[in-house]
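S.K.: Got a structure for you, questions after.
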Amino acid sequence: MSRIAYVNGRYVPHRGASVHIEDRGYQFADGVYEVIAVVDGALIDEPRHLERLAYSLGELKIKPPMADGPLRIVMREVLRRNRVRNGMIYLQVTRGRAPRDHGFPKSSEPALVMTARGAKPGRAKLLANGVSVVSAPDIRWERCDIKSISLLPNVLAKQAAAEAGAYECWQIDVDGYVTEGSASNAWIITDKDEIVTRAPTHDILNGITRRAVIDLAGQEGLTHVERPFTLEEAQGAREAFLTSTTSHVLPVVKIAGKTVADGKPGPLTLRLEGNYADFIKSAA
Ligand code: PMP
């Protein structure tokens, strides 16, 4: 079966799908995106993803390409045409096509592209063994709360992880604190069983999985603290993990060459992972 993409109002074969060379996303990375997990055909945490999309667009003064109602219909149609019931949907909105000039064009229609993909196998093994992360200076801009398609520092960070045989790269701010991964949020659990992650300021993307895990931790009566932590604190923590739409909750067992605790996925992390899996199942 051939894949289908949605490109500016049309469902086209993925193979030949393209946008104009003067699309501002292509020329200036002038756009935003979302990735939503699909489980048994259901879009997980869809309202929060649409809310964050609206926020990212609003911060960049990009007009929404369509209202949420039609957008939800198009997402489902993309999933249907690709027969994806478990996987993810990617959507990207740019400021659209205009003669190349840095300032906003006087008139341009936002461009909307969507693709869908089946779930990647292999998560069970990552969950069972835990993953390792490396670190790199956070060289991104000061608005990491916007889910911008301008991802070059994230690309470089992820590549650094791949070259080191690690799963993720935790980025470190100028004061020596971990901000987040290249495509995930970073967490530790302290000796006092506090679940710690950085506050959702402009320094990080406020992950939808992050928000779900905070809600679940609250429901479990676990103490959750929003504060920065250093790489050294993380290396010496009782447990560490990361969260994202595609990774869910994954235990981190090695940080920049140092084994965390006994090097095995921690019990509280696995409990949160289980809670998150239940949450997804109940949403599906
Ligand atoms: N931080 C960054 C930089 C990301 O790219 C992502 C994944 N898009 C996340 C955090 C996690 O966000 P979410 O849980 O919404 O996928």
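The values are calculated or read from the model by the stated rules, or taken from the named source; none is laboratory data. From a predicted model like this one, the values you see are computed outputs, not experimental measurements. Quick reminder, even Gly has a Cβ in these numbers, built from the backbone with ideal geometry, and neighbours come from all protein chains shown. The area values use the complete protein model at the heavy-atom level, side chains included, leaving out ligands, DNA and RNA. Shrake-Rupley method; radii C 1.70, N 1.55, O 1.52, S 1.80 Å.
S.K.: Among DSSP bridges having both ends in the chain, what percentage is antiparallel? Round to the nearest 5. Working shown, then result.
M.R.: Working: 43 of 54 bridges.
So the antiparallel bridges in the chain amount to around 80 percent.
S.K.: Nearest 0.05, what FRET efficiency do ASP173 and ARG76 give at R0 = 45 Å with Cβ-Cβ as r? Write out the running numbers ahead of the final one.
M.R.: On the way: r = 39 Å, r/R0 = 0.87.
The calculated FRET efficiency here is 0.70.
S.K.: With point charges of +1 on the Cβ of Lys and Arg and -1 on the Cβ of Asp and Glu, referenced to the Cα centre of the stretch 184-284, which listed residue (SER244, THR269, LEU222) lies farthest in the positive direction of the dipole?
M.R.: The one lying farthest along the dipole's positive direction is SER244.
S.K.: Which FRET efficiency value, to the nearest 0.05, do you get for LYS281 and ARG211 by plugging their Cβ-Cβ distance into 1/(1 + (r/R0)^6) with R0 = 25 Å?
M.R.: On the way: r = 18 Å, r/R0 = 0.73.
So the FRET efficiency works out to roughly 0.85.
S.K.: Given H placed 1.01 Å from N in the peptide plane, which residues other than close sequence neighbours of SER150 have an amide H under 5 Å from its amide H?
M.R.: Result for SER150 returns GLY31.
S.K.: Could you tell me the accessible area of HIS202 in Å² (1.4 Å probe, neighbours in place), rounded to the nearest ten?
M.R.: Roll a 1.4 Å probe over it and HIS202 shows about 90 Å².
S.K.: Where in the stretch 22-36 does the amide nitrogen come within less than 17 Å of the point 7 Å from the Cα of LEU151, taken along Cα to Cβ?
M.R.: What the label zone holds, given the 17 Å backbone N cut-off, is 25-36.
S.K.: Fully extended, how many nm does the chain gain between GLU194 and LYS264 (0.36 nm per residue separation, minus their Cα-Cα distance)?
M.R.: On the way: separation 70, 0.36 × 70 = 25.20 nm, distance 1.86 nm.
Extending this stretch completely gives an extra 23.3 nm.
S.K.: Taking the Cα atoms only, what angle lies between the long axis of helix 46-59 and the longest principal axis of the chain, rounded to 10 degrees?
M.R.: 70
S.K.: Scan the stretch 132-241 for chymotrypsin sites (Phe, Trp or Tyr not before Pro) in coil per DSSP, keeping those whose Cβ has at most 14 other Cβ atoms within 10 Å, and list them by number. All intermediate terms of the calculation are to be shown ahead of the outcome.
M.R.: Numbers: sites: TRP141, TYR167, TRP170, TYR177, TRP187, PHE229, PHE241; in loops: TRP141, TYR167, PHE229.
Qualifying residues, ordered by number: TRP141.
S.K.: Sticking with this one: Straight-line reach from LYS63: which aspartates and glutamates have Cα under 16 Å away, leaving out those fewer than 8 places along the same chain?
M.R.: ASP23, ASP30, GLU34, GLU51, GLU109
S.K.: Turning to a different aspect of this structure: Rounded to the nearest 10 degrees, what's the angle between the helix 152-163 long axis and the longest principal axis of the chain, both from Cα atoms, 0 to 90?
M.R.: Result, in degrees: 50.
S.K.: What is the angle, in °, between the Cα long axis of helix 208-219 and the longest principal axis of the Cα atoms in the chain? Nearest 10 is fine, range 0 to 90.
M.R.: Taking the Cα atoms of the chain, the angle to 208-219 is about 40 degrees.
S.K.: Can I ask one more? Whole angstrom only: what separates the Cα centroid of the stretch 1-36 from the Cα centroid of the stretch 68-100?
M.R.: 9
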